[in-house]
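Right, one structure below, let's go through it.
A short reminder: the numbers here are calculations on the coordinates, not readings from a lab. Just so we're clear, the structure is a prediction, and the values are computed from it rather than from any experiment. Virtual Cβ from ideal backbone geometry, glycine too; neighbours counted across all protein chains shown.
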Amino acid sequence: MKYTIPILTAVGFAFLSSCGDKPKEHSNNDDHAEDDHEGHDHAAGEHDDHAEDDHSGHDHIKAGPNKGRMISSVTPQAEFLVMDDGRVQISFFNADMKTVAPAGQTVSVISGERISPLEMSFTAEGNALVSTEALPKGNNFPTVVAIKTSPDSEEVVTKFTLDLSDCSSCSNKEYACECHH
């Protein structure tokens, strides 16, 4: 019994020290096949668990025409954009990325601090749905976007961290950054 804590501490330290050097995600644009695979849990050429372009389980962000975050899990696909005044705009786009006016879609967004999240409602403004409330002040909020494309369709839910910082590599905000850094 007197050796239990030192043994658990040593095993825990060894386990935790190996976790920090592994990349958290891969990009379709990175030259993954040419990596030296140092710190990876597989060697070069050992991609049995995923194909080169199959990175399911990874979060691949695509920016929309207005530099917002695209939500492609609905049809027509939607763009989540935080406007300068802090309100959220949801625009819909067809496969050719042409704007589609909202027609029966409903959207709700929950964002903000976990202890006091803000549930946002939306109204039609031009060719988009715009929140009636502005986001709370701050940054890095857990955000849940729920979209129903028609009254009888199932709700599609997307979750992400709303990072409003400017990306240092591209002209997008971090929540819509495609740099994969």
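By the beta-carbon count within 10 Å of each Cβ, the least crowded to most crowded order of Glu119, Glu79, fewest first, is Glu119, Glu79. Using the Cβ atoms and a cut-off under 12 Å, what net charge is assigned to the surroundings of Val74, where Lys and Arg are +1 and Asp and Glu are -1? So the surrounding residues net to -2.
Using the Cβ-Cβ distance between Glu113 and Ile61 with R0 set to 22 Å, the FRET efficiency from 1/(1 + (r/R0)^6) comes to roughly 0.45. In the stretch 60-173, the alpha-carbon atoms span a convex hull of 109 Å³ per residue. The residues Lys173, Lys137, when put in order of fewest to most other Cβ atoms within 10 Å, stand as Lys137, Lys173. In this structure, Thr123 and Ala95 have a Cβ-Cβ separation that, at R0 = 35 Å, corresponds to a calculated FRET efficiency of about 0.85.
Here the extension length gained between Ser165 and Ala103 equals 19.1 nm, from 0.36 nm per residue of separation less the Cα-Cα distance. The ranking of Thr158, Thr123 by Cβ neighbour count inside 10 Å, starting from the fewest, reads Thr123, Thr158.
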